[in-house]
Amino acid sequence: MFAIALGTGTRDAQGQLLEAYFPYPTRNPSQALVDALLVGEPAGAEVAIDAGCAQRLTDAGESKMAAAVQALGDKAFVTALDSDAEPSSTAEVYLKLTLISTRQAKPHELNLTGLFAQLPNVAWTSEGAIALDELTERQIQARAEGRALTVNSVDKFPRMADYAVPAGIRIGDASRVRLGAHLGDGTTVMHEGFVNFNAGTTGVSMVEGRISAGVMVGEGSDLGGGCSTMGTLSGGNSIVISVGDQCLLGANSGLGIPLGDRCTVESGLYLTAGSKVRVLDENGNTLKEVKARDLAGVSDLLFRRNSMTGTVECLANARAIELNPALHSHN
Amino acid sequence: MFAIALGTGTRDAQGQLLEAYFPYPTRNPSQALVDALLVGEPAGAEVAIDAGCAQRLTDAGESKMAAAVQALGDKAFVTALDSDAEPSSTAEVYLKLTLISTRQAKPHELNLTGLFAQLPNVAWTSEGAIALDELTERQIQARAEGRALTVNSVDKFPRMADYAVPAGIRIGDASRVRLGAHLGDGTTVMHEGFVNFNAGTTGVSMVEGRISAGVMVGEGSDLGGGCSTMGTLSGGNSIVISVGDQCLLGANSGLGIPLGDRCTVESGLYLTAGSKVRVLDENGNTLKEVKARDLAGVSDLLFRRNSMTGTVECLANARAIELNPALHSHN
Amino acid sequence: MFAIALGTGTRDAQGQLLEAYFPYPTRNPSQALVDALLVGEPAGAEVAIDAGCAQRLTDAGESKMAAAVQALGDKAFVTALDSDAEPSSTAEVYLKLTLISTRQAKPHELNLTGLFAQLPNVAWTSEGAIALDELTERQIQARAEGRALTVNSVDKFPRMADYAVPAGIRIGDASRVRLGAHLGDGTTVMHEGFVNFNAGTTGVSMVEGRISAGVMVGEGSDLGGGCSTMGTLSGGNSIVISVGDQCLLGANSGLGIPLGDRCTVESGLYLTAGSKVRVLDENGNTLKEVKARDLAGVSDLLFRRNSMTGTVECLANARAIELNPALHSHN
């Protein structure tokens, strides 16, 4: 079995799931766990839980999961996925996004084809997920009863932190990290940082800029305040941007090509794929002029705009340039 | 009558309205609706509701409004505006801003003169609007009773989504869209997007940048992450910025002039009104050098900074430039 | 005594303080207040409150504090600091940060050495501060009981507005101002603005950009949308950035040097300390070429990038440059 999880969720007035929460999701589960949760039922998006489940979980050593089953009662269900097929239900998408955010899968690793169609657009409120056509009545009801119902977001994706908070992270403003983000151990997402789904960091990173859908950032790389990584969802660019290890994107900079390791983009410089760049050696001599996209994946580069001439320059050692194809085949 | 609405709101200890919520606001109401809500009372900011109101609304076919009157009881009032005069009360301003956010009025269409004076500065909290001089006592009381009172904002304007969520929108972070914003059907405001009051989009748009007060964005135009549109409230610029149809403001770009249709500002380029710009034809030949403000409202332009020379260039076809006065008189 | 305050806070399952709230903190307290709160107890981070405290506070004329003691009951404690020593407890750090945010201390004025070690990383939720290892159980419990527990942040620092809202401020999105920020009377932090701890404004300011840890902004200075001030925590820069009076950082600009008074950085220009800058007189003649860091603290400068040549220029009057050492010794 590909993955299994005890879940619970919020339903609209028609009983359709608006969102699903999986406190202890498991990829590649043991047969014992599968047996405890499913008792021979076939896999599915919302499998009902039978009366003996909590006891079987306890017997299988899953005491936390057993306690959750007991606490949630008939609000609980099981989502069991035989394989990593194209998702066909809301619960399935939520489980896959949760697997990424709990670091059980890397971005780009899971089949998320067509996920938008499986995610309802929801009002995320202080009273939970609410279907949009039920929102006004709920707001009136709340005010009538003396409560303040606050709408935090109207979106297909919820905040990651309401579903998964992996070890070793900080997030200044949880509304800026979507479920399906992958934050490595040691990553801090400051208030100006942003991480979309199916994107993120592999390890220690200070993220004060925006990690677009699909973008991965390597170990030890920092994204300065307000910096931009170009996404592929809009903007007409089909190259998937990535950032290697120990890179620095300066504040308010922008990146339109995949970077190798130990690269720097100066604060304030937006490096688009089509930017013509003058490559300089250590002595400041021009080696060549290329499009930025031709430097994709090369390590040990420093990009800056010359403040006297306005030229976008790339400082490199000649060896880094020569070794490009060999060293950076992983790009 | 200009507009009428059933309302409810939050009051400070002196009974002054801090905010007003209008679930079903109506511009140019039918006489039947006016009669059902007012029973001959004169228009006003906070007209009391009489005992027969819910029944009259039901008789007039306004079942949702009738249910709201019954649910809200003596928390409900009616705000009725004879004309679009300069607002003179908090309820009036909230009703006008709600008309914009429910797409019953376009930005710049309503008389909002002096609105700041009618809007109290309020602590927007998890327990609703709280007067600033009552906040500390409320925080102590909440903690004493085991609750966490969270302050989401200290501002004259609330979040739009707590007052109006029109059809066909998504908002990644609701704290970034103020009441009085106008989001067209098909608009997504991503987490880094921002929309001020009396500003917004007319139709389908992806908004990942900031739409300042007064700025309108046309159908099919996208605002890249972190891009800036200059406002008129500060910054010393009196030109009202606008963006035509099918434009693209690149990520981290900036705009200091009104744009025509099908224009692009390259990622990372801040085009101020006073920027000198070199206008090029399709072959890269210089046509002329002008201030950016001289290109206000012209369509089919591409603005970029030459990455070799640092020159801000405008790629246009000569015809676009010539036709400027005729085609773009709407600017 | 350096400071004293009635406090209350949230504890984890082991009884450790996760955060502390001081509604009426007092720097340099009168002996009467110290006597009323402590009754001869030695200073400390969490001094228990005895039964007579509320009456003594009433007798000392501290009626609000007396009411708080009565309301909070055994949830209350006293934090009393003999001196401004290096903080050694969570309560102590919270009290010092609260003193800054209530304008009883300026940034850089208090000893905050080692504060990170005293601040636990906490999940800030709609149900208050929760220890990270207790979060999942709390989320399950909330859902089991039909509540939505929302995680607003996972951080060592809370939002300022949940602890202190000094007079004369507005904050568009409270999640963007950390406890320990200092907002002057007349400061508006718009939704895109950000203020870190031990940083802020001295008076009237419109803040739509990011004030990094340690950065102070003078009276009448505005920070345009998305502008960046370089911090010293990361980025490899050891100069403490500051902004003098009546300065303007344009939208999407960036600042890597301390500015004097009446300086402007044009929208979209990122001025790093190492940028070579051409200094021009009123007639546009080049006076000299210097690194930006050599202009640190000089007043009456305008920084821009020439849109024809790409050169970063500094417009100044010659006198401003000459008087630098004398006028700007405070930098």
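The values are calculated or read from the model by the stated rules, or taken from the named source; none is laboratory data. Quantities reported herein were computed from a predicted structural model and do not represent experimental measurements. Note that we place each Cβ from the backbone using ideal geometry, even for glycine, and neighbour counts take in every protein chain shown.
Structure data summary
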{"item": "Index of the failed condition, A:A76 passing every other in (1) away from chain B (no Cβ under 14 Å); (2) out of contact with any Ser or Thr (no Cβ under 8 Å at 6 or more places or on another chain); (3) of a type in the set (A, V, I, L, M)", "result": "(2)"}
{"item": "A:T187 vs. criteria of a type in the set (S, T, N, Q), in contact with a Gly (Cβ under 9 Å, 6 or more places away or on another chain) and under 16 Å from C:A123 (Cα atoms)", "result": "yes"}
{"item": "Count of the stretch B:215-229 residues which are over 14 Å from the mean Cα position of the chain (by Cα), away from chain C (no Cβ under 14 Å) and assigned to a strand (DSSP E or B)", "result": "1"}
{"item": "Counted residues, the stretch C:176-211 - those being within 21 Å of C:G268 (Cβ to Cβ) and over 9 Å from the mean Cα position of the chain (by Cα)", "result": "11"}
{"item": "Members of the stretch C:225-261 that are surrounded by 24 or more Cβ atoms within 10 Å (Cβ to Cβ) and at pLDDT below 95", "result": "C:M230, C:I241"}
{"item": "Answer from C:R176, C:R210, C:R262 - the residue that is over 23 Å from C:L301 (Cβ atoms) and charged (D, E, K, R)", "result": "C:R176"}
{"item": "Residue within the stretch C:96-103 that is within 12 Å of chain B (Cβ to nearest Cβ) and either in a loop (DSSP other than H, G, I, E, B) or modelled with pLDDT under 95 (or both) present", "result": "yes"}
{"item": "Selection from the stretch A:8-47 of residues that are farther than 25 Å from A:N121 by Cα and hydrophobic (A, V, I, L, M, F, W, C)", "result": "A:A32, A:L33, A:V34, A:A36, A:L37, A:L38, A:V39, A:A43"}
{"item": "Any chance B:G297 is part of a loop (DSSP other than H, G, I, E, B), modelled with pLDDT of 95 or more and more than 27 Å from the chain's Cα centre (by Cα)", "result": "no"}
{"item": "Filter result (of a type in the set (S, T, N, Q) and outside any strand (DSSP E or B)) within the stretch A:250-273", "result": "A:N252, A:S253, A:S267, A:T272"}
{"item": "Set C:G260, C:G254, C:G226: member being farther than 24 Å from C:A105 by Cβ, of a type outside the set (A, V, I, L, M, F, W, C) and touching a residue at least 60 places away in the same chain (Cβ under 8 Å)", "result": "C:G260"}
{"item": "Leading residue by the ranking (surrounded by the most Cβ atoms within 10 Å (Cβ to Cβ)) among those in the stretch A:262-294 that are within 19 Å of A:V243 (Cβ to Cβ) and more than 13 Å from every other protein chain (Cβ to nearest Cβ)", "result": "A:C263"}
{"item": "All positions within the stretch A:93-110 that are within 15 Å of A:P158 (Cα to Cα) and of a type in the set (D, E, K, R)", "result": "A:K96"}
{"item": "Residue under evaluation C:R138, criteria (1) in contact (Cβ under 8 Å) with a residue 40 or more places away in the chain; (2) outside the structural domain of C:D12 (by TED's automatic domain parsing); (3) more than 30 Å from C:T201 (Cα to Cα), criterion not met", "result": "(1)"}
{"item": "Contacts under 9 angstrom Cβ, first residue in the stretch B:106-126 being within 19 Å of B:T201 (Cβ to Cβ), partner of a type in the set (S, T, Y) and modelled with pLDDT of 95 or more, 6 or more apart", "result": "B:K106/B:T202"}
{"item": "Matching option when the condition is in the same structural domain as A:A316 (by TED's automatic domain parsing), touching a strand residue (DSSP E or B) at 6+ places or on another chain (Cβ under 9 Å) and within 22 Å of A:E109 (Cβ to Cβ), among A:V240, A:V265, A:V277, A:V290", "result": "A:V240"}
{"item": "The lone exception for A:G172 - which of (1) crowded, with 22+ Cβ neighbours inside 10 Å; (2) without any contact (Cβ under 8 Å) to a residue 24 or more places away in the chain; (3) closer than 30 Å to B:Q70 by Cβ it fails", "result": "(3)"}
{"item": "Verdict on A:E86 being assigned to a loop (DSSP other than H, G, I, E, B) and acidic (D, E)", "result": "yes"}
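Condition check ((1) under 19 Å from C:T102 (Cβ atoms); (2) under 23 Å from the mean Cα position of the chain (by Cα)) across all residues:
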{"site": "C:A5", "(1), (2)": "yes, yes"}
{"site": "C:T10", "(1), (2)": "no, yes"}
{"site": "C:A13", "(1), (2)": "no, no"}
{"site": "C:Y24", "(1), (2)": "yes, yes"}
{"site": "C:S30", "(1), (2)": "yes, no"}
{"site": "C:L38", "(1), (2)": "no, no"}
{"site": "C:A48", "(1), (2)": "no, no"}
